[in-house]
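Have a look at the structure below before the remarks.
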Amino acid sequence: MSPTHEVTNQVPAHHGHDVAQDPVLLDAVTREGAGWAATELHRLGRLAGSEEAAEWGRLVNECPPVLRTHDRYGHRVDEVEFHPYWHELMRTAVEYGLHAAPWQERQPGSHVARAAKFYLWGQVEAGHSCPISMTYAAVPALRTNADIATWMEPLLAARSYDFGLRAPRGKTGLIAGMSMTEKQGGSDVRANTTRALPTADGGYRLTGHKWFTSAPMSDVFLTLAQAPGGLSCFLLPRVLPDGSRNALRLQRLKDKLGNRSNASAEIEYEDAFGWLVGEEGRGVSTIIEMVNMTRLDCVLGGASGMRLGTVRAVHHATHRRAFGKSLIEQPLMRNVLADLALESEAATAVALRLAGATDRVANGDRAEAAVRRLGLAVTKYWVCKRAPAHAAEALECFGGNGYIEDSGMPRLYREAPLSSIWEGSGNVAALDALRAMSRQPETVEAFFGEIELAAGANRHLDASTARLRKQLADPAEDEYRARRITETLALVLQASLLVRHAPHAVGDAFCASRLGAEGGGAFGTLPVGVDTEAILARARTAVN
């Protein structure tokens, strides 16, 4: 039987490229002190751009995890069953050191190199980034208990993915999870009702219901509970030192909008055993460093998704034709694509800048700690807020094809809102920025010191910086205006980085479109005169 028609004008599959062939990323990695990692970045980038890895990502989302509360005989097992490719994704992430490896490596730029790899590998599949991120973030909190950190940190940092239910000391590597929120409180963790009572052997017994526990198949969990001395932080193993299972009962898995490859659960603690981390009554301050690290990964995740959406849209527009020429040759489509590329470049630059600050803070740099404190709060708000709009616009570049699951764009679209919600929604992030400025005023001057490294280079940036200083001098209605203040802080930080480090055309276009009088429109509203070719050149490096 002859075919009914010939298939033409279809875009080729986007496989066989090096995801690390990303000049924005590579420039930032070198600038932040991790140029030595380039060889490993390209090795991971080639795997990330392979058809094999794409298939791993597709199937773990089409075959999500399944909760097995009991075995065939009726014994309680509380296990989560994953597609085999989930373990391939996790194994790759751990072997490349995307988890807690930088805390043990101590090489200058280790956190930057890890951030770059997290950004690259997240473009394959974002869901498994969650347990990888929490393992990375757990270390600073655990260091408040030297006895635990001494033996556990090397296992969290080990480049060995050792999945399965065994006592932590008997494994070659560990994955950490986090279990903080409860149904009556959400972000208001001080409303937690889970109780922790001390035992004669120096441990605690916890009883309560956790509403949202990320990655319930992890080996250990950091959690908050009310101890006699107040809200405190605890570490709970899934398997006790004697090999028996801890009383962590998985009630159900959450049915989520996206992030479907990753299991998230409600957990019941039934007199579960845990170790105190930090001091009684200081649970929030103990776990806040973990939260800061996962907030950095929220930014990296948002930047990673923007890069993926931009590259896919540019690839599609390069190969798809309409009205006699390719889409990328159409002026309005070029405006849209260039605008998406600008947003992606700004997110990548600021994410790696904050990763660089993390490296320097780990080495005791107090000035960088002040920059990171406010910079991370405002960037977490803004980059994560922009990611869903960016994903929607990138999807629209495909037309109806982008709305079809085969394109991969719906998965990107569903994933995009997560980083805005995880570790504090928009309001929480904006209020945290206000808190930083009021309680740590040195963060404000450190932040403006960073911005003013670009002083005099762009009139829109200079004018916005001056207006911002004036606004901050009048604290009236600050809480009501918190989102506007936070957005402006984030934009001037991004603009400063692009003006200093990106090609002239990129920095000027970003400042004109985000800080100028014509700023604030939808994607694709760049002003006339913008050099779209120069902007798109940096996105085309990963297009076949």
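The values are calculated or read from the model by the stated rules, or taken from the named source; none is laboratory data. In this text, all values refer to a predicted model and were calculated from it rather than measured experimentally. Here the Cβ positions follow ideal geometry from the backbone for every residue, glycine too, while neighbour counts run over all protein chains shown.
For the reader, a short list of remarks on this structure follows.
- Residue in the range 300-312 that is surrounded by 24 or more Cβ atoms within 10 Å (Cβ to Cβ) and among the β-branched types (Val, Ile, Thr) present: yes
- Cβ-Cβ distances below 8 Å connect the following pairs, each with a first residue in the range 323-334 that is in contact (Cβ under 8 Å) with a residue 60 or more places away in the chain, a second residue that is surrounded by 10 or more Cβ atoms within 10 Å (Cβ to Cβ) and of a type in the set (Gly, Ala, Ser), and a separation of six or more residues or different chains: Leu327/Ala317; Ile328/Ala317; Leu332/Gly524; Met333/Ala317.
- Top-ranked residue in the range 98-109 [being of a type in the set (A, V, I, L, M) and within 21 Å of Ala20 (Cα to Cα); ranked as surrounded by the fewest Cβ atoms within 10 Å (Cβ to Cβ)]: Ala101
- Scanning the range 274-281 for any residue that is touching a helix residue (DSSP H, G or I) at 6+ places or on another chain (Cβ under 7 Å), of a type in the set (Gly, Ala, Ser) and part of a loop (DSSP other than H, G, I, E, B) turns up at least one such residue.
- Within the range 386-399, at least one residue is assigned to a helix (DSSP H, G or I), over 30 Å from Asp508 (Cβ atoms) and either touching a residue at least 24 places away in the same chain (Cβ under 8 Å) or not polar (S, T, N, Q) (or both).
- Test set (1) at pLDDT 95 or above; (2) under 30 Å from Leu120 (Cβ atoms) - Gly229 fails condition number: (2)
Conditions tested, residue by residue: (1) modelled with pLDDT of 95 or more; (2) hydrophobic (A, V, I, L, M, F, W, C); (3) more than 30 Å from Val189 (Cα to Cα); (4) outside the structural domain of His128 (by TED's automatic domain parsing).
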residue: Pro410; (1), (2), (3), (4): yes, no, yes, yes
residue: Ala429; (1), (2), (3), (4): no, yes, no, yes
residue: Gln440; (1), (2), (3), (4): no, no, no, yes
residue: Leu461; (1), (2), (3), (4): yes, yes, yes, yes
residue: Leu497; (1), (2), (3), (4): yes, yes, yes, yes
residue: Ala502; (1), (2), (3), (4): yes, yes, yes, yes
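- From Ala370, Ala355, Ala394, residue being in the same structural domain as Arg483 (by TED's automatic domain parsing), over 18 Å from Ser496 (Cα atoms) and either aliphatic (A, V, I, L, M) or surrounded by fewer than 24 Cβ atoms within 10 Å (Cβ to Cβ) (or both): Ala394
- Single residue of the range 87-96 satisfying the filter (out of contact with any Ser or Thr (no Cβ under 8 Å at 6 or more places or on another chain) and either among the β-branched types (Val, Ile, Thr) or not in a helix (DSSP H, G or I) (or both)) that is surrounded by the most Cβ atoms within 10 Å (Cβ to Cβ): Tyr96
- Scanning the range 5-46 for residues that are buried (at least 16 other Cβ atoms within 10 Å of the Cβ), of a type in the set (A, V, I, L, M) and in a loop (DSSP other than H, G, I, E, B) turns up Val11, Val19, Ala20, Ala34.
- Hey, Glu423 touching a helix residue (DSSP H, G or I) at 6+ places or on another chain (Cβ under 7 Å), at pLDDT below 95, surrounded by 16 or more Cβ atoms within 10 Å (Cβ to Cβ) and closer than 30 Å to Ser133 by Cβ or not: yes
- When residues of the range 430-467 are limited to those that are free of Cβ contacts under 8 Å to residues at least 60 places away in the same chain, hydrophobic (A, V, I, L, M, F, W, C) and closer than 23 Å to Leu296 by Cβ, the one surrounded by the fewest Cβ atoms within 10 Å (Cβ to Cβ): Leu453
- Of all the residues in the range 47-86, those that are surrounded by 15 or more Cβ atoms within 10 Å (Cβ to Cβ), over 28 Å from Pro216 (Cβ atoms) and more than 21 Å from the chain's Cα centre (by Cα) number 1.
- Tally of residues being in a loop (DSSP other than H, G, I, E, B) and either out of contact with any strand residue (DSSP E or B) (no Cβ under 8 Å at 6 or more places or on another chain) or not assigned by TED's automatic domain parsing to the domain that holds Asn259 (or both) across the range 52-67: 2
- Within the range 266-274, one or more residues are in the same structural domain as Ala167 (by TED's automatic domain parsing) and under 25 Å from the mean Cα position of the chain (by Cα).
- Helices (runs of 4 or more DSSP H) within the range 435-542 that include 1 or more residues within 25 Å of the chain's Cα centre (by Cα) and not hydrophobic (A, V, I, L, M, F, W, C): 442-451, 482-501, 504-514
- Under the condition of being closer than 18 Å to Arg195 by Cα and not in a strand (DSSP E or B), the residues counted in the range 210-237 number 2.
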